[in-house]
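Read through the structure below, which is laid out as structure tokens, and then see the notes.
The values are calculated or read from the model by the stated rules, or taken from the named source; none is laboratory data. From a predicted model like this one, the values you see are computed outputs, not experimental measurements. Here the Cβ positions follow ideal geometry from the backbone for every residue, glycine too, while neighbour counts run over all protein chains shown.
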């Protein structure tokens with residue numbers, strides 16, 4: 001019996017082709033009593049290459065490596081390892097992003113995100129019969 005092999009469909013660019021230019025870094029989240037601590041593993045990145053952004057309830061960390069162009073450069077299929085990092089976390093609206101603290105050392109980016117203080121709930125009037 002013969003098999004029918006359909007020709008490949010033409011390749012069309014994806015809508016979010018920009019997202020392919022970044023790698024997802026390894027990270028760890030630790031919930032503390034009054035804050036959230038996020039540790040992101042970004043080797044090859046220094047402090048000038050780190051950017052933070054808010055997109056609604058999403059917190060976006062972009063870490064760009066310093067790219068050195070070598071004189072004897074040849075492509076060795078290392079392009080995937082040389083990509084920059086982007087991490088998107090859905091943290092919601094109860095994080096105080098204005099009080100964010102971050103530090104980077106030896107490829108570990110540590111971010112401290114304090115929680116917003118909840119507004120004191122108004123006391124309900126008690127009915128005494």
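How about segment 23-55: which of its residues are in a strand (DSSP E or B) and modelled with pLDDT under 90?
If the condition is that a residue be in a strand (DSSP E or B) and modelled with pLDDT under 90, then 23 is the only one that fits.
Could you tell me how many of the residues in segment 57-91 are under 14 Å from the mean Cα position of the chain (by Cα) and either under 24 Å from residue 33 (Cα atoms) or modelled with pLDDT under 80 (or both)?
Matching residues across segment 57-91 total 10.
Would you mind telling me which numbered condition in (1) more than 16 Å from the chain's Cα centre (by Cα); (2) at pLDDT 90 or above; (3) closer than 15 Å to residue 22 by Cβ residue 114 fails?
(3)
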